[in-house]
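> One structure, as structure tokens, below. Some questions next.
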Amino acid sequence: KTYLMSSKRNLQMIDWVTMKISCNHDGIISNGEVVSLSKDGDSIEWSLVKFLPVVGSHDATISIRSITQSTIEVSGNPVKWLQGHNLFGTSDLKALIWAFFNELLKIPELKLKPTLEQLHAVKMGKLTVSRIDINETWFLKDRNEVLAWLRAAGQKMRLKHRGAGQFKGDTLYWGKGSRRWFLKCYSKGDEINSKKSNFPNALRTPEMLEYAERALRLELVLKSNQLREWQLHHVAHWNAETGKMLLLELIKGLEMSNNIRLTDEVIATLPTRVKMSYFTWLAGEDLKQILPRPTFYRYRAELKKYDIDIGIIRDMKEDKNNVIPLVRVLEAQPVGVPDWAIEKGLVACM
């Protein structure tokens, strides 16, 4: 068993936030309205105000809408909205929201008119969140090594009680679809260089590009149900260390299976049916689709004694020279905000 480790010099970053803020404003902030009519079309069953995209630094956008005349909802990446990028940022949720809100007040079209009490409430974190993403960045040698690590993790790493990771595009997910929380991992270099990337050309400096090329990003997505259970839907309950503690605690559930070949001596001691199942798995077959469920889990428990996990399908096309062992992440350099980024004013909130 192994899992990612952090260090005191490591800096987690608050990424995406969905929050409700008490703030008086004139009119309705919206991008239109979605209306559901009754079957006969005579009455409105429900209506929903659509989010209005608001442009920030380097054309980054964040979504805002009115809930009431004294409440707004915001959803998006405040770090990216402030800086134009999210290569690095801050782990201090309260400070980030306060910095973001002050910039938001400078946009006259929104007609935000918070009272002194409302301003104080935002500064003290007296608002609620329904989603928060927290990420951590690790350095490997280059993007090829990052991608190789991801391939290896997809084949050999499982999340306790959630199962094996699943790729959607180039991102590896554990627990995707959960109503509480899930983990994901991806190459930051791949992300900012993809066709869909909106990474600003003005920020494509050699230092920024090198940072992204080496960056392996691990991200925790916390949803409303989990935040409420932990009483963390109140921003006032967060401090600068909360995100770090949550991320490190949940990634401890990541387990690596070596899936090495068994020696002849061990194979000789296995019951015949377990032995046959092992060889079937070794050939790349999915035993979950072959064995009855109770049998599969019984054999899996037996073989895990020898560090074999038949729940992870073997990739028979795997290029042995192009896969980096998962343990390499323990040798990777954990990174936060580089000194040059602070000197060049590329960090909005520290």
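> What percentage of the solvent-accessible surface of segment 226-267, computed with a 1.4 Å probe over protein heavy atoms, is contributed by carbon and sulfur atoms? Write out the running numbers ahead of the final one.
On the way: 1170 of 2230 Å².
It is 53 percent, rounded to a whole number.
> Now, a different point. Could you tell me how many degrees, from 0 to 90 and to the nearest 10, lie between the Cα long axis of helix 93-104 and the main elongation axis, the longest principal axis, of the Cα atoms of the chain?
So the inclination is approximately 40 degrees.
> In terms of modelled amide H atoms, which long-range or inter-chain residues lie less than 5 Å from the amide H of F182?
V221
> If you count only protein heavy atoms with a 1.4 Å probe, what accessible area per residue comes out for the chain, rounded to a whole Å²? Intermediate values should be presented prior to the final figure.
Numbers: 18160 Å² over 350 residues.
Each residue of the chain exposes 52 Å² on average to a 1.4 Å probe.
> Separate question: Where the eigenvalues come from the Cα gyration tensor of segment 57-176, what are the semi-axes √(5λ) of the equivalent ellipsoid, largest first, in whole Å?
On the way: eigenvalues 265, 57, 34 Å².
The equivalent ellipsoid of segment 57-176 has semi-axes of 36, 17, 13 Å.
> A follow-up question, please. For the chain, what does the helix formula give at 222 nm: sum of -39500 (n - 2.57) over DSSP H segments with n ≥ 4, over the residue count, nearest 500 deg cm²/dmol?
Mean residue ellipticity at 222 nm (helix-derived): -8000 deg cm²/dmol.
> For segment 163-218, with all protein chains present and a 1.4 Å probe, just round the carbon and sulfur fraction of the accessible area to a whole percent.
Here carbon and sulfur together make up 46 percent of the probe-accessible area.
> Computed from the coordinates I sent, semi-axes √(5λ) of the Cα gyration tensor in Å equals one of (i) 36, 24, 18; (ii) 43, 25, 18; (iii) 55, 30, 14. Tell me the label.
Correct label is (ii).
> Next up: From Cα coordinates alone, what are the radius of gyration and Dmax values for segment 182-303 in angstrom?
When restricted to Cα atoms, segment 182-303 yields Rg and Dmax of 22.6, 64 Å.
> Further question on the same structure: Between S75 and E255, what FRET efficiency comes out of the Förster formula 1/(1 + (r/R0)^6) with R0 = 30 Å and r the beta carbon distance, rounded to 0.05? Provide the component values of the computation, followed by the final result.
On the way: r = 33 Å, r/R0 = 1.10.
Efficiency computed from Cβ-Cβ geometry: 0.35.
> Okay, moving on. Could you sort 232-243, 199-210 so that the peptide with the highest average Cβ count within 10 Å comes first and the rest follow in order?
Those peptides, ordered most packed to least, come out 232-243, 199-210.
The values are calculated or read from the model by the stated rules, or taken from the named source; none is laboratory data. Bear in mind that the values here come from a model prediction, so they are computed numbers and not experimental data. Using ideal geometry, Cβ is built from the backbone for each residue, glycine included, and neighbour counts are taken over all protein chains shown. Quick note on the areas: whole protein, heavy atoms, side chains included, nothing else; ligands and nucleic acids left out. Shrake-Rupley method; radii C 1.70, N 1.55, O 1.52, S 1.80 Å.
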